[in-house]
1. Using θ = phi - 60° and the Karplus form 6.51 cos²θ - 1.76 cosθ + 1.60, what ³J(HN,Hα) does each residue of the range 297-311 get, whole Hz, x for Gly and Pro?
2. If neighbour count is taken as other Cβ atoms inside 10 Å, put Lys219, Lys262, Lys61 in order from fewest to most.
3. Tally Lys/Arg at +1 and Asp/Glu at -1 over every other residue whose Cβ is under 12 Å from the Cβ of Cys205; what's the total?
4. To the nearest 0.05, how large is the calculated FRET efficiency for Ser137 and Thr290 if R₀ is 41 Å and r is the Cβ-Cβ distance?
5. Provide the per-residue ³J(HN,Hα) series for the range 181-190, in order, calculated from phi with Karplus coefficients 6.51, -1.76, 1.60 and θ = phi - 60°, each as a whole number of Hz, with x at glycine and proline positions.
6. Let me know the charge dipole size of the range 130-169 about its Cα centre in debye, to the nearest 20, where only the beta-carbon of Lys, Arg (+1) and Asp, Glu (-1) is charged.
7. Place a +1 charge on the Cβ of each Lys and Arg in the chain and a -1 charge on the Cβ of each Asp and Glu, then give the dipole magnitude about the Cα centre in debye, rounded to the nearest 20.
8. Of Arg72, Arg132, how do they rank once you tally other Cβ atoms within 10 Å and put the fewest first?
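What follows is calculated from the coordinates using simple rules that are stated; it is not laboratory data. This is a predicted model, so every value here is computed, not measured. Every residue, glycine as well, gets a Cβ built from its backbone with ideal geometry; the counts of neighbours run over all protein chains shown.
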Amino acid sequence: MEDTYARPIDYLRLSVTDRCNYRCQYCMPAEGITKLAHSDLLTLEEMAEVVAAAASLGIRKVRITGGEPLVRLGLPSLVAAISHTKGIEEVAMTTNGSLLSAFAEELKAAGLDRVNISLDTLQPEKFARMTRLGTLSDVFDGIRAAFAAGLTPLKLNVVLLGGVNDEEIPALAELSRRYPLEVRFIELMPMLGASGFGREAYLPCRTVLDRLPALLPDKESGVAQLYRFPDGVGRVGLISPLSHHFCSRCNKLRLTADGHLKPCLHSQEEISVRGLHGDDLIAALQTAITHKPREHGALSWTEPSEAGRRMNEIGG
């Protein structure tokens, strides 16, 4: 199905929980969040029903997100249900990687195709400060498990933070030279939860190109501009929601864990699907697609997102 601007909408980002075992500085407050009650979350069966309805309208790819999706009990069964849904061609997941070593094989067997893993620093002490609760070795274990299970092509998501991890750009990009993966540098978005960062934290992705003049342009992939080292086996991706909007190529809907469709990440508009089935559920999805705006408003340090929720509450 196309939206009113002739963009084909074929990608659903499905948040399965607002909870996370980390408290990353740009996502959640140190004291944590007021968690949704279990009764406020869609059941796994309801999520699978929404995916089936979305697939009937042309959704072909589903990305499972959170919070941290691996803290949701029964996740492999949801992956299996989605992967067996008529019309769904790819099931992916974004995770912080800390629990992945215990689940990678089971998730692959259930039908998960690949994962994106968050990795904002290669320094253990800095990692502990940035995540407040995390241990870097757990993420490395998750990366190794993802490769071993065949959850590839593997992508590493790096949120650029000026004055925090920008000096690690060469070291992080070097992973793409040595290993068959994509290191994706993502501009910090001014969401709720990121208000503690000053102007200097909002680096444009061109900073990566300035620091790494050896990078050569590669093809585009969705929202990412791709590059590679001349002798690299992987790629470097740049995702620039602030400095270079990609709204004209946006092909996605988001479903929050509490059952709200968001036509645009940076809009307050939400359409509830709780309790909807059959034609009513289809109609809600059609409404969300037709309500996608041409583009979101300006985003900058002084112009925050209008999303109205933290990223863990929407789905990363």
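1. x, 4, 10, 6, 4, 9, 10, x, 4, 9, 4, x, 9, 6, 5
2. Working: Lys219 10, Lys262 26, Lys61 17.
Fewest-to-most Cβ neighbours within 10 Å comes out as Lys219, Lys61, Lys262.
3. Values: positive: Arg184, Arg206, Arg211; negative: Asp166, Glu187, Asp210.
Local net charge: 0.
4. On the way: r = 47 Å, r/R0 = 1.14.
Once rounded, the FRET efficiency stands at 0.30.
5. Values, residue by residue: 9, 10, 9, 10, 8, 10, 5, 4, 9, x Hz.
6. Working: 3 positive and 5 negative charges, 40 e Å.
It works out to roughly 200 debye.
7. Details: 35 positive and 39 negative charges, 87 e Å.
Once rounded to the nearest 20, the dipole reads 420 debye.
8. Arg132, Arg72
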